[in-house]
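Have a look at the structure below, then the notes.
The values are calculated or read from the model by the stated rules, or taken from the named source; none is laboratory data. No experiment lies behind these values; they were computed from the predicted model shown. As a convention, Cβ positions derive from the backbone with ideal geometry for all residues, glycine included, and neighbour counts pool all protein chains shown.
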Amino acid sequence: MSKNEVNYFIKVLTFNNYSSVKIHELLVNMEGDNCLSLRRIQQISKEYNEGRVVTDPLTTLNTGRPRVIRTNENIDLVENLIQEDNRLSVSSIAERLQLTQSTVYNILREELGMTSVTCRWVPYLLTDAHKQARIDACREVLNVLERRDMRNRLIVCDEKWLYLKSSNVSARCWMPADHQGDFDFERRTVVRRSLGHQKRMIIVASNFSGLNYFEILEDGGSINAERYIQFIGNSFVYFRNAGIATERIYWMHDNARPHTAHLTQRFLMQHGVNLAYQPPYSPDINLQDRYIFRNMETARTRNDFADVAEVMRFVQQFLRDLTVEEMNKQLENLRTHCTAVINANGCYVVKN
């Protein structure tokens, strides 16, 4: 009998309440010494009884040494598994198909042209409601950006913690291969940040014409609605001096509690400010998160700040160096990204 026939034979008799001992006796009569062992038949019967039915005979009946042949059949089996779940490891594929790990690795790399890469990070596991909210927000942003002079009028605001001590220290170091002997190399350590590490919150409001207003909470605390309203009022003065009337501003922020507080909403309404909606879990739609804060962290790599004054000078210089040309480029990038999010039905859009 072929392996498929043996597998089907055990399946039928198991569903008809035959014991593993009886199935083994029947197979011995038919197969003789080539019959599966009683223990193996018990394992297969148990899988069927528990509903863990494996129909591929290569995964249920092959109990010998792993195979090392790169046949077309093996290549197809590996490819099918990867198409079903491309997170499978080489060892798990080898175990399921009774192949050696080197064979599976060579099939993946040489026959299928695969390479192992890290998975993309996304901020949150989106629900259907979140995806729809992202679609609606992107449509609103696109509509806003189509209006006259919106490059100056759309102001995006957000907050960020800046640690005085940089965390951008390499987590790797070079060591001699024979590290048992005496040498001058030191195995470096990396300390995880604790809540006690000094940090300051910065608040930044920016538009795509290159105007940026920021403040730093010097007391080291976080922001609340009263402090956020104070910041908005100060930023209105800054943008008004730059020629942007308060009632012409489109203010965009996320759904943090100080932003959605009744006091904040009432303050914005009293000043006739239009609010551009940013959905939850969507830093990719926020100019600060998607560009300014990301580049700010890169710019301060391995730089430590002695005090708040140094933080102030760093942020001030960084924002001053942002060019109008670059901000225009980010405006077009945001348009393109919002269109891509809509086309992706609200999912996160990542580049390959």
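Annotation: of all residues in the stretch 113-152 being surrounded by fewer than 16 Cβ atoms within 10 Å (Cβ to Cβ) and of a type in the set (Gly, Ala, Ser), the one that is farthest from Cys338 (Cα to Cα) is Gly113. Of all residues in the stretch 76-92, those being over 25 Å from the mean Cα position of the chain (by Cα) and aliphatic (A, V, I, L, M) number 2.
Can you pull out the residues in the stretch 316-325 that are out of contact with any Phe, Trp or Tyr (no Cβ under 8 Å at 6 or more places or on another chain), part of a helix (DSSP H, G or I) and either farther than 16 Å from Asn207 by Cα or not hydrophobic (A, V, I, L, M, F, W, C) (or both)?
Gln317, Arg320, Glu325
What about Thr301, is it farther than 20 Å from Val156 by Cα and polar (S, T, N, Q)? Judged against the criteria, Thr301 is a match.
Of the helices (runs of 4 or more DSSP H) lying entirely inside the stretch 100-165, those carrying at least 1 residues that are within 21 Å of the chain's Cα centre (by Cα) are 128-145. Total residues in the stretch 94-137 satisfying the condition of being in contact with a Phe, Trp or Tyr (Cβ under 8 Å, 6 or more places away or on another chain) and among the hydrophobic types (A, V, I, L, M, F, W, C): the figure is 3. Close Cβ contacts (under 8 Å, 6 or more residues apart or on different chains) running from residues in the stretch 210-229 that are closer than 19 Å to Phe293 by Cβ to residues that are surrounded by 14 or more Cβ atoms within 10 Å (Cβ to Cβ) and acidic (Asp, Glu) comprise Ile223/Glu159.
Tell me the strands (runs of 3 or more DSSP E) entirely within the stretch 211-315 that contain at least 1 residues that are buried (at least 20 other Cβ atoms within 10 Å of the Cβ) and out of contact with any helix residue (DSSP H, G or I) (no Cβ under 7 Å at 6 or more places or on another chain).
250-253
Close contacts from the stretch 302-323, counting a first residue that is aliphatic (A, V, I, L, M) and a second that is modelled with pLDDT of 85 or more and in a loop (DSSP other than H, G, I, E, B), with Cβ to Cβ under 8 Å and a gap of 6+ residues or different chains, come to Leu322/Gly210.
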